[in-house]
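The structure under discussion appears below in the form of structure tokens.
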Amino acid sequence: SQHRMRRMSRPPSLEPSLYRDHLALLQQGAEAALAATGHEALVIASGIEKFAFLDDRPYGFQPNPHFKHWVPLNQHPHSWLAVRPGRKLRVVVHLPADFWHVPPSPPTGEWVEAVELVVIREPDEAVAALKDVLGPRTAVIGEADAALPGLVPTNPEALLHRLHWARACKTPWELAQMRAASRRAAPAHLAARDAFLAGASEAEIHRAYLVASHHTDRDLPYANIVGLNEHAAVLHYQHQDEARPLQSRSLLLDAGAQVNGYASDITRTWAAPGHAEFAGLITLMDHEQQALVAEVREGRDYRDIHLSSHQRLAPVLLESGLARPGTSAEALVAQQVTHAFYPHGIGHLLGLQVHDIGGHMASELGGTREKPAGHPYLRLTRTLAPGMVVTIEPGLYFIPMLLDRLRTSPAASLVDWATVERLTPYGGIRIEDDVVCGSGAEAPENLTREAFAACA
Ligand code: GLY
Ligand code: MN
Ligand code: MN
């Protein structure tokens, strides 16, 4: 086509490229962080495979997130990067000559042109491939197990702090990957819902999700949480029953996808037909969830969004009849009734890791920004800035352990226990979207809702 011919006749380096811009931004940030911390160069290990005890079977490879920040390589243990001021990124890729496994494929894609590529066949060849970069003022980031003679991770804290701090704000290329990660997950959530409505078991729903997301268990960004009925009350429910329940009343599915190493983290809760009371509760929660998403703005303290989620849950308890009529919303928060129904944080940073690092940092120098008193599970306490991607995931659960405690506390009189008992067989509700903070008063971009809208 004409389009293709035009592309081919232009020198590739003149093409606008989100990836090259991303690389330039990372380079700029790394150079500043190196200068500020007294380093001359940065070497990053991809990591190594880990093996089961007394066994030759590896666990799934988990790359160093610092590594996949620079290059979209997920499955390349024993590989390295070298970042030097004013120089091209050097990528040392381990491509073993091995007839037992499929070797990692030789790198392809536009990123290959933007870097200096070195292929090694044995892990310890990395030392020679990086010899000119290594020195007393070279920082080496990686897990201790990745060490080679003469190439030992030092993980300097001051440098890590600066890199972790900056990572919260995504580049346009990263946002494009995260948009795609939500788009990969949304149709799979709908396929899972359809399986649920057809009476499928948790394991069958999980498999329907895998098929529709084109994922295997090995490349999901985190283990799917598939809870039918009471299992929806277990926050990180880790099993998937093969057996179908006698009756499927509710499904809570927390499942993501990944694209080039970037995750989506999405939860939807569904009610089976004929379960109007629980369906109504989902609708109430969905409203409040969207109001909380709208609170994602530049300059907003994320802790305040978390506190706001408790303020917003109280009227839901009243409207659904879970709280006794005449109870004040303030009392439900002050007496920690909302805590009993909603014991986790409103969300977290998202990106290269599902719970991206740096959520509690006070500044790029490190330190801790405290969680609000009485909210020990909040994973993000920073002030929001443009390009940050966070989840917004309020919940409302019927967790026997927490409700038993509430029932014997002075706040028990604020609760309508008959309604609690009617709804307990549904487990609970979580609704989780991935949200990009905009600039100034700009509304946030809801990656997840846009992905679901595109399915319609
Ligand atoms: N999928 C884990 C979480 O929502 O944080
Ligand atoms: Mn989450
Ligand atoms: Mn989740």
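Data overview
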| quantity | calculated |
| --- | --- |
| Some residue of the stretch 260-271 being among the hydrophobic types (A, V, I, L, M, F, W, C), over 22 Å from PHE398 (Cα atoms) and away from ligand 3 (no atom under 15 Å from the Cβ) | no |
| Condition met for ASP356 (modelled with pLDDT of 95 or more, buried (at least 19 other Cβ atoms within 10 Å of the Cβ) and closer than 24 Å to PHE452 by Cα) | yes |
| Some residue of the stretch 290-304 being touching a residue at least 40 places away in the same chain (Cβ under 8 Å), assigned to a helix (DSSP H, G or I) and either among the small types (Gly, Ala, Ser) or within 16 Å of ligand 3 (Cβ to nearest atom) (or both) | yes |
| Failed item in (1) over 22 Å from LEU281 (Cβ atoms); (2) within 16 Å of ligand 2 (Cβ to nearest atom); (3) outside any helix (DSSP H, G or I), with GLU442 passing the rest | (2) |
| Single condition THR424 does not satisfy, out of (1) touching a residue at least 24 places away in the same chain (Cβ under 8 Å); (2) closer than 24 Å to ALA257 by Cβ | (2) |
| Every pair of residues 6+ apart whose Cβ atoms lie under 8 Å, when the first sits in the stretch 255-284 and is touching a residue at least 40 places away in the same chain (Cβ under 8 Å) and among the β-branched types (Val, Ile, Thr) while the second is more than 16 Å from ligand 3 (Cβ to nearest atom) and part of a strand (DSSP E or B) | THR269/SER250; ILE282/ALA271 |
| Elements of type helices (runs of 4 or more DSSP H) contained in the stretch 61-145, each with 2 or more residues being more than 25 Å from the chain's Cα centre (by Cα) and hydrophobic (A, V, I, L, M, F, W, C) | 125-129 |
| Residue match in the stretch 287-295 (condition: among the charged types (D, E, K, R), touching a Leu at 6+ places or on another chain (Cβ under 9 Å) and closer than 29 Å to ASP241 by Cα) | no |
| Selection within the stretch 347-393 - away from ligand 1 (no atom under 16 Å from the Cβ) and of a type in the set (Lys, Arg) | ARG369, ARG382 |
| Residue under evaluation ALA166, criteria (1) surrounded by 21 or more Cβ atoms within 10 Å (Cβ to Cβ); (2) hydrophobic (A, V, I, L, M, F, W, C); (3) under 17 Å from TYR262 (Cα atoms), criterion not met | (1) |
| Number of positions in the stretch 201-219 that are farther than 22 Å from GLN62 by Cβ and in contact with a Leu (Cβ under 9 Å, 6 or more places away or on another chain) | 4 |
| Qualifying residue in the stretch 386-400 (condition: among the aromatic types (Phe, Trp, Tyr), touching a strand residue (DSSP E or B) at 6+ places or on another chain (Cβ under 9 Å) and more than 16 Å from ligand 3 (Cβ to nearest atom)) | yes |
| Qualifying position, being out of contact with any strand residue (DSSP E or B) (no Cβ under 9 Å at 6 or more places or on another chain) and farther than 24 Å from GLY256 by Cβ, among PRO187, PRO149, PRO156, PRO172 | PRO149 |
| Inter-residue pairs, beta-carbon under 8 Å, first touching a residue at least 40 places away in the same chain (Cβ under 8 Å) and in the stretch 189-200, second of a type outside the set (Phe, Trp, Tyr) and in a helix (DSSP H, G or I), 6+ apart | LEU190/ALA212; LEU190/CYS455; ALA192/ILE205; ALA192/HIS206; ALA192/ALA208; ALA192/ALA212; PHE196/ILE205; ALA200/ALA208 |
| Filter pass, THR424 being touching a Pro at 6+ places or on another chain (Cβ under 8 Å), surrounded by fewer than 22 Cβ atoms within 10 Å (Cβ to Cβ), of a type in the set (S, T, N, Q) and at pLDDT 95 or above | yes |
| Residue in the stretch 203-230 that is nearest to ALA243 (Cα to Cα), counting only those that are among the acidic types (Asp, Glu) and within 16 Å of ligand 1 (Cβ to nearest atom) | ASP217 |
| Residue pairs meeting the criteria (Cβ under 7 Å; at least 6 apart or on separate chains; first farther than 18 Å from GLY351 by Cα and touching a residue at least 24 places away in the same chain (Cβ under 8 Å), in the stretch 210-223; second more than 15 Å from ligand 1 (Cβ to nearest atom) and aliphatic (A, V, I, L, M)) | ALA212/ALA191 |
| Candidate set from the stretch 368-387 (those that are closer than 28 Å to GLY261 by Cβ and in contact with a helix residue (DSSP H, G or I) (Cβ under 9 Å, 6 or more places away or on another chain)); member that is surrounded by the fewest Cβ atoms within 10 Å (Cβ to Cβ) | THR383 |
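The values are calculated or read from the model by the stated rules, or taken from the named source; none is laboratory data. Model, not experiment: these values are computed from the prediction. Because the Cβ atoms are built from the backbone with ideal geometry, glycine has one as well, and the counts that use them run over all protein chains shown.
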